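See below for the structure under consideration.
The values are calculated or read from the model by the stated rules, or taken from the named source; none is laboratory data. All figures in this text were calculated on a predicted structure; none of them were measured in a lab. When we count neighbours, we look across all protein chains shown, and the Cβ atoms used for this are built from the backbone with ideal geometry, even at glycine.
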Amino acid sequence: MAGWTTLVQAETLAVALNRPDLVIVDCRFSLLDPNAGEHAYGTTHLPGAAYAHLERDLSDMSPGGEGRHPWPPADMFTARLARYGIEPGHQVVAYDDGDGAIAARLWFLLKMLGHEKVAVLDGGWARWTALGLPVSSAPRAPAVSAYRAAYDHSRLFDANALQAHLDNGGMLVDARAAARFRGDEEPLDRIAGHVRGAVNRPYALNLVDGRFKPPMQLADEYRALLGTHSPDQVVVMCGSGVTACHNLLAMERAGLRGGILYTGSWSGWISDPSRPVATGG
């Protein structure tokens, strides 16, 4: 059965809800109220959806992790997948009620396990409900599965790997808003600015009216940004390794596969005061 590997449109998903290999995952989450997404899921969600909490399921918040949303170990994450009933051959669709960044985090986690059939619902919860498509308040039926896989660590950088990459002339793209990148403001982390040598591509630029731009438009924009750098030699970061996944999804949607995530991102970088910080454009 054909798979969706980057985005899926609401109209397409709506006619495939009974697809036997389909698992939908609700990723709604708010930094301002970490329990809001789960409460919203308990009220209503896409039919049959499971719920993934950014900090409990898509991150490892135990002490010692790098950044505000540390990348979870593979055994921890695959245990979550088994709890959702996800198996390697399943078609997974992730959605959230924002701009798709949390859903993109789940998308990239699965991609790093080698799971190809995973997509983000374009327009998310907002577009689904605006179209009057089916919703449910019933919890997902319990499922038992086994998921065994390891990450592709060649596409997951820590701070040391990032520094070596930069020392060798590598490209680093920061997905945060321009004001945060410049250091004009910093609402979340204790130090403002950016990693020296980084360029800025706010992830919001991937969208028009809440949906991803067409692939050709994204390709033109990212090729202009990357210049002579091949996609698999580009590292992407953000504040905590979440919204950077939105840029990685946009790149893959544009046919530019292989981008690397700096998992700790800005919050991980500034955890060591010896690391250089830059400000300005």
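One residue stands out in segment 209-221 among those that are charged (D, E, K, R) and assigned to a helix (DSSP H, G or I): the one that is surrounded by the fewest Cβ atoms within 10 Å (Cβ to Cβ), namely 220. Each residue in segment 201-220 was checked for being among the aliphatic types (A, V, I, L, M) and closer than 19 Å to residue 8 by Cβ, and 4 pass.
State whether the residues of segment 242-253 include one that is in a helix (DSSP H, G or I), of a type in the set (Lys, Arg) and more than 22 Å from residue 54 (Cα to Cα). For segment 242-253, residues in a helix (DSSP H, G or I), of a type in the set (Lys, Arg) and more than 22 Å from residue 54 (Cα to Cα): present.
Residues are listed down the side, and each one gets a yes or a no for (1) under 21 Å from residue 83 (Cβ atoms); (2) surrounded by 15 or more Cβ atoms within 10 Å (Cβ to Cβ); (3) without any contact (Cβ under 8 Å) to a residue 24 or more places away in the chain; (4) touching a helix residue (DSSP H, G or I) at 6+ places or on another chain (Cβ under 7 Å):
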site	(1), (2), (3), (4)
5	no, yes, no, no
10	no, yes, no, yes
20	yes, no, yes, no
23	yes, yes, no, yes
27	yes, yes, no, yes
35	yes, no, yes, no
40	yes, yes, no, no
46	yes, yes, no, yes
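When 120, 135, 93 are checked against the criterion of being in contact with a Pro (Cβ under 9 Å, 6 or more places away or on another chain) and either farther than 14 Å from residue 7 by Cβ or of a type in the set (A, V, I, L, M) (or both), a single residue qualifies: 135.
Across segment 167-208, the number of residues qualifying as outside any strand (DSSP E or B), surrounded by fewer than 16 Cβ atoms within 10 Å (Cβ to Cβ), modelled with pLDDT of 95 or more and of a type in the set (A, V, I, L, M) comes to 3. Restricting attention to segment 106-146, and to residues there that are at pLDDT below 95 and surrounded by 13 or more Cβ atoms within 10 Å (Cβ to Cβ), which single residue is farthest from residue 257 (Cα to Cα)? The selected residue is 139. Going residue by residue through segment 142-149, is there one that turns out to be farther than 25 Å from residue 116 by Cβ and not assigned by TED's automatic domain parsing to the domain that holds residue 248? Scanning segment 142-149, I find at least one residue that is farther than 25 Å from residue 116 by Cβ and not assigned by TED's automatic domain parsing to the domain that holds residue 248, so the answer is yes.
Of all residues in segment 150-160, exactly one satisfies the criterion of being more than 18 Å from the chain's Cα centre (by Cα) and crowded, with 16+ Cβ neighbours inside 10 Å, namely 159.
All conditions in (1) more than 20 Å from the chain's Cα centre (by Cα); (2) modelled with pLDDT of 95 or more hold for residue 237, with the sole exception of (1).
Among residues of segment 244-277 being among the basic types (Lys, Arg) and in contact with a Phe, Trp or Tyr (Cβ under 8 Å, 6 or more places away or on another chain), the one that is surrounded by the fewest Cβ atoms within 10 Å (Cβ to Cβ) is 275. Taking residue 52, is it in contact (Cβ under 8 Å) with a residue 24 or more places away in the chain and either closer than 16 Å to residue 84 by Cα or in contact with a His (Cβ under 9 Å, 6 or more places away or on another chain) (or both)? Considered against the rule, which asks whether it is in contact (Cβ under 8 Å) with a residue 24 or more places away in the chain and either closer than 16 Å to residue 84 by Cα or in contact with a His (Cβ under 9 Å, 6 or more places away or on another chain) (or both), residue 52 comes out as yes.
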